[in-house]
Amino acid sequence: PYSEGRHEIRYYSVDRADNAEAERKLELFLDKSPPKVEEASPSGKFFSNSRTIFIIVDAADSSGVREIELAIDGVPHGFMVKEGDRYIKTVSLSEGGHSWSIRLTDNLNNSEVCSYSFTLILDTKPPVIKGLSGPSNPVFGEAATITCTVFDEPSGVRNVYLCYSTDKGASWVRTVMSLQEGLYKGSIPSQFFFTEVQYYVEAVDNAGNRFQ
């Protein structure tokens with residue numbers, strides 16, 4: 001038996017008078033396996049700031065994925081839409097636990113059903129930023145350290161950014177602040193004398209809520 005994948009068969013015929021035809025070529029592609037899911041979300045605890053969420057599947061197959069059919073809580077939701085390398089379906093769900101499954105079919109009709117589950121937890125409140133502070137008298141040649149505390153319930157803090165401008169807000173530099181001993185810290189490089197620096201902090205939680 002041949003292994004899965006692409007194969008090339010060469011052949012020709014010879015008659016009783018030893019006349020031979022030109023060699024011919026036949027290419028075959030063998031695929032007996034269903035598509036493989038490389039990534040699927042959501043699963044586990046899923047925080048969102050809306051009941052409208054995206055079901056996302058990243059799948060691959062040697063003969064190509066033909067279609068992915070979605071069902072949520074046992075109810076069919078039709079076929080997922082391919083966007084780039086992923087398949088996506090937008091659905092509106094209630095808060096709480098949900099199960100979902102997909103039937104993946106490739107271009108040679110190999111198919112498989114995969115099942116997942118998640119708990120939708122709504123979080124519509126943005127993070128809270130407190131104690132934002134910077135040096136009152138910056139020293140030339142030294143970076144200015146900016147600190148603050150950030151809290152968020154129930155989804156938790158995902159990222160905190162320090163954004164600063166040295167041209168009165170015409171352009172901004174964005175850096176990620178690091179958490180050190182309960183404080184988020186970031187730094188603004190030393191500037192020329194009499195340079196006015198504007199800055200703000202932006203916090204993002206795991207549900208996508210933002211606050212500056």
Seminar exercise, completed: Using alpha-carbon positions, the gyration tensor of the chain gives root eigenvalues a ≥ b ≥ c; with a/c under 1.5 called rounded, otherwise prolate if a/b exceeds b/c, else oblate, the class is oblate
For this session: Quick one: among 86, 16, 66, which has the greatest mean-square fluctuation in a GNM of the chain with alpha-carbon springs under 10 angstrom?
Result: 16
Seminar exercise, completed: Taking every other residue with Cβ under 11 Å from the Cβ of residue 108 and scoring Lys and Arg +1, Asp and Glu -1, one gets -2
For this session: May I ask for the distance between the Cα centers of segment 37-59 and segment 125-181, given as a whole number of Å?
Result: 30 Å
Exercise. Among 125/185; 25/82; 32/82; 82/125; 89/130; 45/125, which pairs are too far apart, with a Cα-Cα distance over 26 Å?
Worked result: 25/82; 82/125; 89/130
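When the accessible area of the chain is computed with all protein chains present and a 1.4 Å probe, what percentage of it is carbon and sulfur?
49 percent
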Exercise. What number, in percent, do you get for the relative contact order of the chain if the mean sequence gap of Cα pairs under 8 Å and at least 6 apart is divided by its residue count?
Worked result: 17 percent
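Between beta-carbons, use under 14 Å as the cut-off and find the net charge around residue 8, counting Lys and Arg +1, Asp and Glu -1.
Local charge sum for residue 8: +2.
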Problem set entry | Chain lengthening between residue 173 and residue 193 when straightened (0.36 nm per residue, less Cα-Cα) | 5.3 nm
Exercise. Which of 47, 192, 29 moves the most in a Gaussian network model of the chain with Cα springs under 10 Å?
Worked result: 192
Exercise. For the pair residue 158 and residue 117, how long in nm is the line joining their label points, each one 7 Å along Cα→Cβ?
Worked result: 2.5 nm
Problem set entry | Cut-off under 5 Å, modelled amide H: who pairs with residue 158 long-range | 204, 205, 206
Exercise. So, by mean Cβ neighbours within 10 angstrom, what's the order for 56-65, 116-125 with the highest one leading?
Worked result: 56-65, 116-125
Exercise. Rounded, prolate or oblate: which fits segment 112-212 when a ≥ b ≥ c are the square roots of the eigenvalues of the alpha-carbon gyration tensor, with rounded for a/c under 1.5 and prolate only if a/b beats b/c?
Worked result: prolate
Problem set entry | Solvent-accessible area per residue for the chain (1.4 angstrom probe, square angstrom) | 64 Å²
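The values are calculated or read from the model by the stated rules, or taken from the named source; none is laboratory data. Predicted model, so just to flag it, every value in this text is computed and none were measured. Reconstructed Cβ throughout: ideal geometry from the backbone, glycine too, with neighbour counts over all protein chains shown. These accessible areas exclude ligands, DNA and RNA; they are computed on the full protein's heavy atoms, side chains included. Shrake-Rupley method; radii C 1.70, N 1.55, O 1.52, S 1.80 Å.
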